[in-house]
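Each value in this text was obtained by applying a stated rule to the coordinates, not by laboratory testing. Everything numeric in this text was worked out from a predicted model, so none of it was measured. Here the Cβ positions follow ideal geometry from the backbone for every residue, glycine too, while neighbour counts run over all protein chains shown.
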């Protein structure tokens, strides 16, 4: 978060996570219930993303209806959440391993870190574009769209970082400025995600034509 949205936004996220983990009721029934609600909320978000991607990829004819289909989508959304969490863990392990491997070549670390981050972004976007829509997108098209989206995401991260550093739009909101910056970044990330989905949908339609 600090690399993408800045130190202030990272401080807000760190405070939220710390307050959640420091609660004495985490191990109690209330803590378990809160964790369950958080997990369910994440699946709802992915279900909404799935609905939007169904419109973009024109998979209306292949959508499943009914209670059983709704349950399948919720279970699938949970699987997506777990898979992305696993990918996040893998990315952290890979970053640490690369830092150790290239410790004697510090001049190569920035380039290696950039390429690794770009590949992980591309894999995550391709995973979402392939599995979330009801109509399966071929891996070749999904990977190509994932790479394009990852490039846009990385470029946008750099540009929006410059904008936030120069314009400081959160300064007008006082103590809530860091939260405003985080929301701005999240809004931009969603825009890039759906722009990449549109590009992937066009690539997929041309491949099928």
Stretchable slack from residue 39 to residue 208, in nm (0.36 nm times residue separation minus alpha-carbon distance): 57.2 nm
Potential extension, residue 195-residue 48 segment - 0.36 nm per residue separation minus Cα distance: 51.3 nm
Residue-span extension gain [residue 119 to residue 87] - 0.36 nm each, minus C-alpha spacing: 10.4 nm
Fewest-first ranking of 107, 59, 34, using other Cβ atoms within 10 Å as the exposure measure: 107, 34, 59
